[in-house]
Amino acid sequence: MAVVRAGVTLLIVSSIACSQRSAPADDPEDQAIVEFAGSYPTEAPPPGVVREFEIVAAPAVVARAGQDRLNVWAYNGQVPGPTLRIRLGETLRVRFTNKLPQDTTIHWHGVRLPNAMDGVPNVTQPAVPSGGTFTYEFTPRDAGTFWFHPHVRASEQVERGLYGVLVVEDASPPAYTQDLVWVLDDWLLDPSGQVAPQFNTRHELAMDGRWGGVVTINGQPATTLRVRPGERIRLRMLNSANGRVFVPDFGGLDAKIIAVDGLYLRSPMPARGFELAPGNRLDVELTFAASLPGPLEIWDRFMPQRPNKLATVEVAGELVDTPRFGSPAHAHVPRWPNALAVAAAHTFRLNAKTGGAFGISWMIDGVAFQGHDHMMAPSTSLVRGKFARWHFVNESARIHPIHTHGMFFRLLARNGVAVDEPFFRDTVLVHAREEVDVGVVPTDPGIWMMHCHILEHAEAGMMTTIEVRDP
Ligand code: C2O
Ligand code: CU
């Protein structure tokens, strides 16, 4: 039934494309579905070539964050963990071993996958105990930049260094001269230069989570981006910080956003002012002219009065031919002009109260999630393949990057003003006292997490689940 329906929808879309004269669906919900068709695959691909990786989470000592010997928790002894690179169509198999002193799991942030592989303790799998193993296996349906991290005590485990990047390359990748991964993070160190061992402090909970003073890219506080004139590179950025938001400023560089949260844009847009909140990914295309005025620097300007220098750009060496190819950012992203007319399927209220395990509880709809070992009823449910509008009301004075597992959504409005972002997201920053509307068409049944990606807020209750039912 579902398969047949999807086929019919596709047919409708192509006939609109050919004739431009087909009668539009009059129900805004049906209209949204018609516009959605072709955005990304709704059916799971058959398993392809299996790419196998071994991942071990364990304490390690690394030279990172400006320290020679930083005690961290790491995947395969590295911070960031390994970048897993596969091609679209390939199947990822990860044999995971937990050598941490705590339970853990691996969650594949942004990947649409079978619910059982989502890495959420007691929701999709039992937590992997210390000494335990688990095999994650799935075939991604989307090419793009994704990441993985624990979903147990994440405010501690991610902060200690547990995160890695999953790159799903296009079936035939565009010919960039370099394809780089930048993991942005910040570190709160104690006077001895080690990761400050108090987590979920009252201060962090009252504010926007844990912000550290040492900002790093791939673990290093001072980064130099080395390119030759003429290069056309792809830079995949991930914000793995617990709470810090980055707004990358590429200065005079020719920088275009081609993908957000993994997926390509409708068309490239200037890389200016994008709020890279915890969990977000941003793929930027940088083209370097034959001669460039220096100095070239990349800054974070989330707080304009306290900017952070992210990197120095060094353009040197022999001129290379700039590869010519059309931008890969030409995805079908629905405009959904009438989506705000669809009645909200649910309104999520974001707020806090005093009390709870950490002194402050963060809540969704007046309820603080009690941790993954206290199962709670889903906040709301969705029907697979159907459009729904969600409304978020931030009743608090803090920011909340709201993240959904297992589905993408498109921002529809901020404070009631329609916004046509030319891309889907899995994480959107909701500002203090702001109201946000998103449109979503879930493709996969199951119980999926939705939570604030400020990991301290999540730990203190700002999590819930969404049930996606089959039609
Ligand atoms: Cu990075 Cu539950 O997410
Ligand atoms: Cu929050």
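The values are calculated or read from the model by the stated rules, or taken from the named source; none is laboratory data. Everything numeric in this text was worked out from a predicted model, so none of it was measured. With ideal geometry, Cβ positions are generated from the backbone for all residues, glycine too; neighbour counts draw on all protein chains shown.
Output yes when any residue across region 92-110 is over 27 Å from residue 424 (Cβ atoms), at pLDDT 95 or above, in a loop (DSSP other than H, G, I, E, B) and basic (Lys, Arg), and no when none is. I'd like the intermediate steps shown before the answer.
So the first thing to find is which residues in region 92-110 are over 27 Å from residue 424 (Cβ atoms), and the list is 95-104.
Among the residues that remain, those that are also at pLDDT 95 or above are: 95-104.
This time we only want the ones that are in a loop (DSSP other than H, G, I, E, B), so: 99-103.
Now narrow it down to the ones that are basic (Lys, Arg): 99.
Yes: region 92-110 contains one or more residues that are over 27 Å from residue 424 (Cβ atoms), at pLDDT 95 or above, in a loop (DSSP other than H, G, I, E, B) and basic (Lys, Arg).
Would you pick out the residues in region 121-140 that are over 9 Å from residue 104 (Cα atoms), touching a residue at least 40 places away in the same chain (Cβ under 8 Å) and touching a strand residue (DSSP E or B) at 6+ places or on another chain (Cβ under 9 Å)?
Residues of region 121-140 that are over 9 Å from residue 104 (Cα atoms), as a first pass: 122-126, 131-140.
Filter once more, keeping what is touching a residue at least 40 places away in the same chain (Cβ under 8 Å): 122-124, 135-140.
Of everything in region 121-140, those that are over 9 Å from residue 104 (Cα atoms), touching a residue at least 40 places away in the same chain (Cβ under 8 Å) and touching a strand residue (DSSP E or B) at 6+ places or on another chain (Cβ under 9 Å) turn out to be 123, 124, 135, 136, 137, 138, 139, 140.
With 449, 463 as the choices, which residue is at negative phi, in contact with a Ser or Thr (Cβ under 9 Å, 6 or more places away or on another chain), within 13 Å of ligand 1 (Cβ to nearest atom) and of a type outside the set (Phe, Trp, Tyr)? 449 is the lone residue from the list that is at negative phi, in contact with a Ser or Thr (Cβ under 9 Å, 6 or more places away or on another chain), within 13 Å of ligand 1 (Cβ to nearest atom) and of a type outside the set (Phe, Trp, Tyr). Within region 98-143, the set of residues being among the β-branched types (Val, Ile, Thr) and closer than 27 Å to residue 277 by Cβ comprises 104, 105, 106, 111, 120, 123, 124.
Pull up region 118-167, narrow it to residues that are among the aliphatic types (A, V, I, L, M) and away from ligand 1 (no atom under 15 Å from the Cβ), then point me to the one that is farthest from residue 198 (Cα to Cα). That would be 143. From the list 318, 275, the one residue that fits, being of a type in the set (Asp, Glu) and more than 26 Å from residue 149 (Cα to Cα), is 318. State which residue is nearest to ligand 2 (Cβ to nearest atom) when the search covers only region 451-464 and only residues that are crowded, with 23+ Cβ neighbours inside 10 Å and assigned to a strand (DSSP E or B). Once the filter is applied, the top-ranked residue is 452. Of the residues that make up region 347-365, is at least one among the hydroxyl-bearing types (Ser, Thr, Tyr), free of Cβ contacts under 8 Å to residues at least 24 places away in the same chain and in contact with a strand residue (DSSP E or B) (Cβ under 7 Å, 6 or more places away or on another chain)? Checking region 347-365: at least one residue is among the hydroxyl-bearing types (Ser, Thr, Tyr), free of Cβ contacts under 8 Å to residues at least 24 places away in the same chain and in contact with a strand residue (DSSP E or B) (Cβ under 7 Å, 6 or more places away or on another chain). Condition check for residue 360 on (1) within 16 Å of ligand 2 (Cβ to nearest atom); (2) on the phi > 0 side of the Ramachandran plot: one failure, at (2). For region 396-406, the set of residues classified as part of a loop (DSSP other than H, G, I, E, B) and more than 12 Å from ligand 1 (Cβ to nearest atom) consists of 396, 397, 398, 399, listed by residue number. Restricting the search to strands (runs of 3 or more DSSP E) fully inside region 214-266 and requiring at least 2 residues that are of a type outside the set (Ser, Thr, Tyr) and in contact with a Pro (Cβ under 8 Å, 6 or more places away or on another chain) gives 214-217, 232-239, 254-260. The set of residues from region 269-292 being buried (at least 23 other Cβ atoms within 10 Å of the Cβ) and of a type in the set (Val, Ile, Thr) comprises just one member, 284. Any residue at all in region 357-372 that is away from ligand 1 (no atom under 16 Å from the Cβ), part of a strand (DSSP E or B), more than 23 Å from residue 34 (Cα to Cα) and touching a Lys or Arg at 6+ places or on another chain (Cβ under 6 Å)? Yes, region 357-372 contains at least one residue that is away from ligand 1 (no atom under 16 Å from the Cβ), part of a strand (DSSP E or B), more than 23 Å from residue 34 (Cα to Cα) and touching a Lys or Arg at 6+ places or on another chain (Cβ under 6 Å).
Residues are listed down the side, and each one gets a yes or a no for (1) part of a strand (DSSP E or B); (2) under 27 Å from the mean Cα position of the chain (by Cα); (3) within 30 Å of residue 252 (Cβ to Cβ):
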{"position": "283", "(1), (2), (3)": "yes, yes, yes"}
{"position": "303", "(1), (2), (3)": "no, yes, yes"}
{"position": "306", "(1), (2), (3)": "no, yes, yes"}
{"position": "309", "(1), (2), (3)": "yes, yes, yes"}
{"position": "323", "(1), (2), (3)": "no, no, yes"}
{"position": "328", "(1), (2), (3)": "no, yes, yes"}
{"position": "331", "(1), (2), (3)": "no, yes, yes"}
{"position": "346", "(1), (2), (3)": "yes, yes, no"}
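Kindly check whether there is at least one residue in region 259-271 that is within 21 Å of the chain's Cα centre (by Cα) and without any contact (Cβ under 8 Å) to a residue 24 or more places away in the chain.
Narrowing region 259-271 to residues within 21 Å of the chain's Cα centre (by Cα): 259-271.
Cutting the leftovers down to without any contact (Cβ under 8 Å) to a residue 24 or more places away in the chain gives us 270-271.
Looking for residues that are within 21 Å of the chain's Cα centre (by Cα) and without any contact (Cβ under 8 Å) to a residue 24 or more places away in the chain, one finds at least one in region 259-271, hence yes.
Condition check ((1) within 14 Å of ligand 2 (Cβ to nearest atom); (2) out of contact with any helix residue (DSSP H, G or I) (no Cβ under 9 Å at 6 or more places or on another chain); (3) at pLDDT below 95; (4) within 18 Å of residue 462 (Cβ to Cβ)) across all residues:
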| residue | (1), (2), (3), (4) |
| --- | --- |
| 368 | yes, yes, no, yes |
| 376 | no, yes, yes, yes |
| 383 | no, yes, no, no |
| 387 | no, no, no, no |
| 439 | no, no, no, no |
| 446 | no, no, no, no |
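Condition (residue is within 20 Å of residue 280 (Cβ to Cβ), touching a residue at least 60 places away in the same chain (Cβ under 8 Å), within 14 Å of ligand 1 (Cβ to nearest atom) and of a type outside the set (Phe, Trp, Tyr)) applied to region 418-425: is it met by at least one residue? Checked region 418-425: at least one residue is within 20 Å of residue 280 (Cβ to Cβ), touching a residue at least 60 places away in the same chain (Cβ under 8 Å), within 14 Å of ligand 1 (Cβ to nearest atom) and of a type outside the set (Phe, Trp, Tyr).
Out of all the residues in region 102-117, which are more than 19 Å from residue 82 (Cα to Cα) and either near ligand 1 (Cβ under 10 Å from one of its atoms) or of a type in the set (Gly, Ala, Ser) (or both)? Across region 102-117, the qualifying residue is only 116.
For the structure I just gave you, tell me whether residue 48 is at pLDDT below 95 and not in a strand (DSSP E or B). First the steps, then the outcome.
On the way: at pLDDT below 95: yes; not in a strand (DSSP E or B): yes.
In short, yes.
Looking at residue 177 and the list (1) under 22 Å from the mean Cα position of the chain (by Cα); (2) more than 27 Å from residue 350 (Cα to Cα); (3) surrounded by fewer than 19 Cβ atoms within 10 Å (Cβ to Cβ), which single condition is not satisfied? All conditions pass for residue 177, except number (1).
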